[in-house]
Amino acid sequence: MSSFKILALWYSQTGQLHQIITHFLQPLTETNSIDIDIVEYKPAIPYPFPWSSQEFFNTMPESVLLTPTPLAPLNFAHSSYDLIVLAYQPWYLSPSIPANSLFHTPEFLHIIRNTPVITLIGSRNMWINSQEIIKKQLHTAGANLIGNIAFSDKHQNQISAITIVHWMLSGRKDKKYGIFPLPGISTSDIQQASEYGTVLHTAIQSQSLQGIQSKFLALGYMNIPLDVQFIEERAKRLFTVWAQLITKFGSSLQGRKRLVTTFKWYLIIALFIVAPIVFFFYFFLFYPFTYKAVNKKKQIYLQ
Ligand SMILES: Cc1cc2nc3c(=O)[nH]c(=O)nc-3n(C[C@H](O)[C@H](O)[C@H](O)COP(=O)(O)O)c2cc1C
């Protein structure tokens, strides 16, 4: 019997998403009947890590407007696969620029056609918008999305924003001022990826990949906090306006720098002052009347 071929694609600056995909694939490596080709995709010119503040906020327009960057050559061991695992991270409520760039790469578009795909996301906590984009891109590429597993930092939204920016700008995954929690996805959550891998392994053995998302969800680990859903459903439009503004009026280096700095302060005020106030009123005045529709939407995102 020929082996079941999996292509696992990943990109990671800090190694976090690499850890997640490694744990995920671990149960699948224990059998000879599954052949796994693990391929790192990365930009031809790497993004900086740690980031400077300017560089970090400067990637917003191209992330949001889905502007691709050239990737380093991709080499696949086989000409087709039975399943593709696509691991990616959101940048500014959009797929990271390297992940989006895959969809502009002929080798990737060729390999993904007519193939079942499972997406694996390593986010801070906002992955809904980026996954909606990836869903469309996969559909356009003729791929068949059968599952999505999203990992998030489960700390409160504003706390995780502070800690991730500390991590991204310092390169250190430690406790900011010694008092904040560790940035990123917790070690125990990363290790849980192997439980999803076991679910996949069982599905492959019983040749029943369809319906796998319900089995992933049945593990009970995936959730979308209400405040995160509230922000995601509103913020993307604002990001798009900012992205268009910066690319239109930031044609000179200095002009763009000034606009990006203004966006940075806008984001800080929006996230730490405006969003909590607006969410407070929304929660008490509107949510009681709309919670059924909101929860229905949440189930759609999770499915
Ligand atoms: C420029 C940039 C923008 C980001 N924007 C988001 C975002 O919109 N939503 C989110 O949940 N995480 C966001 N993150 C966090 C990443 O999704 C990811 O969790 C983190 O960068 C670590 O991933 P790594 O495996 O690539 O190192 C962002 C990170 C970077 C560097």
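Just to be sure, is F24 closer than 26 Å to G255 by Cα and either without any contact (Cβ under 8 Å) to a residue 24 or more places away in the chain or not hydroxyl-bearing (S, T, Y) (or both)?
So F24 fails the test.
Name the one entry in I179, I224 that is away from the ligand (no atom under 16 Å from the Cβ) and modelled with pLDDT of 95 or more.
I179
For segment 166-218, how many residues meet the condition of being not in a helix (DSSP H, G or I) and not charged (D, E, K, R)?
Restricting attention to segment 166-218, the residues satisfying the condition of being not in a helix (DSSP H, G or I) are 171-175, 179-186, 206-211.
Add one more test, that the residue is not charged (D, E, K, R), and what stays is 171, 179-186, 206-211.
Counting residues in segment 166-218 that are not in a helix (DSSP H, G or I) and not charged (D, E, K, R) gives 15.
Evaluate the following for R113: is it of a type in the set (K, R) and either crowded, with 23+ Cβ neighbours inside 10 Å or within 22 Å of K173 (Cα to Cα) (or both)?
Criteria not met by R113.
Which condition does S94 not pass, out of (1) more than 8 Å from the ligand (Cβ to nearest atom); (2) closer than 19 Å to A141 by Cα, if it passes all the others?
(1)
Filter segment 136-165 down to the residues that are in a loop (DSSP other than H, G, I, E, B) and of a type in the set (D, E, K, R), then identify the one that is surrounded by the most Cβ atoms within 10 Å (Cβ to Cβ).
Ranking the qualifying residues of segment 136-165, first place goes to D153.
Can you confirm whether S3 is over 20 Å from the mean Cα position of the chain (by Cα) and more than 22 Å from I134 (Cβ to Cβ)?
yes
Only one residue in P68, P98, P73 is within 30 Å of I159 (Cβ to Cβ) and outside the structural domain of F239 (by TED's automatic domain parsing), so which one is that? Please lay out each step first, then the result.
Values: P68 fails: within 30 Å of I159 (Cβ to Cβ); P73 fails: within 30 Å of I159 (Cβ to Cβ).
Just one listed residue meets the conditions, P98.
In segment 39-54, how many are free of Cβ contacts under 8 Å to residues at least 60 places away in the same chain, of a type outside the set (K, R) and either touching a helix residue (DSSP H, G or I) at 6+ places or on another chain (Cβ under 7 Å) or near the ligand (Cβ under 10 Å from one of its atoms) (or both)?
Residues flagged as free of Cβ contacts under 8 Å to residues at least 60 places away in the same chain, of a type outside the set (K, R) and either touching a helix residue (DSSP H, G or I) at 6+ places or on another chain (Cβ under 7 Å) or near the ligand (Cβ under 10 Å from one of its atoms) (or both) within segment 39-54 amount to 3.
Yes or no, residue by residue, for (1) outside any helix (DSSP H, G or I); (2) in contact with a Phe, Trp or Tyr (Cβ under 7 Å, 6 or more places away or on another chain); (3) touching a residue at least 60 places away in the same chain (Cβ under 8 Å):
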{"residue": "G255", "(1), (2), (3)": "no, yes, no"}
{"residue": "V260", "(1), (2), (3)": "no, yes, yes"}
{"residue": "L267", "(1), (2), (3)": "no, no, yes"}
{"residue": "I273", "(1), (2), (3)": "no, no, no"}
{"residue": "P276", "(1), (2), (3)": "no, no, yes"}
{"residue": "F283", "(1), (2), (3)": "no, no, no"}
{"residue": "Y287", "(1), (2), (3)": "no, no, yes"}
{"residue": "K292", "(1), (2), (3)": "no, no, no"}
{"residue": "Q299", "(1), (2), (3)": "no, no, no"}
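Quick one: would you say A161 is closer than 15 Å to S96 by Cβ, within 11 Å of the ligand (Cβ to nearest atom) and in contact (Cβ under 8 Å) with a residue 24 or more places away in the chain? Can you show your working first?
Numbers: closer than 15 Å to S96 by Cβ: no; within 11 Å of the ligand (Cβ to nearest atom): yes; in contact (Cβ under 8 Å) with a residue 24 or more places away in the chain: yes.
For A161, the condition - closer than 15 Å to S96 by Cβ, within 11 Å of the ligand (Cβ to nearest atom) and in contact (Cβ under 8 Å) with a residue 24 or more places away in the chain - is not met.
Just give me the residues in segment 145-158 being near the ligand (Cβ under 9 Å from one of its atoms) and within 19 Å of G178 (Cβ to Cβ), in sequence order.
D153
Go over the candidates T67, T59 one by one and state the one that is at pLDDT 95 or above and more than 12 Å from the ligand (Cβ to nearest atom).
The conditions single out T67.
Any idea which of (1) within 12 Å of the ligand (Cβ to nearest atom); (2) loosely packed, with under 14 Cβ neighbours inside 10 Å is the one Q16 doesn't satisfy?
Result: Q16 passes all but (2).
Which residues, taken from segment 132-167, are of a type in the set (S, T, N, Q) and over 28 Å from Q54 (Cβ atoms)?
Residues satisfying the conditions are Q137, T140, N144, N148.
Can you tell me which of G122, G142 is more than 16 Å from the ligand (Cβ to nearest atom) and not charged (D, E, K, R)?
Answer to the selection: G142.
The values are calculated or read from the model by the stated rules, or taken from the named source; none is laboratory data. Source: prediction; values computed, not measured. Using ideal geometry, Cβ is built from the backbone for each residue, glycine included, and neighbour counts are taken over all protein chains shown.
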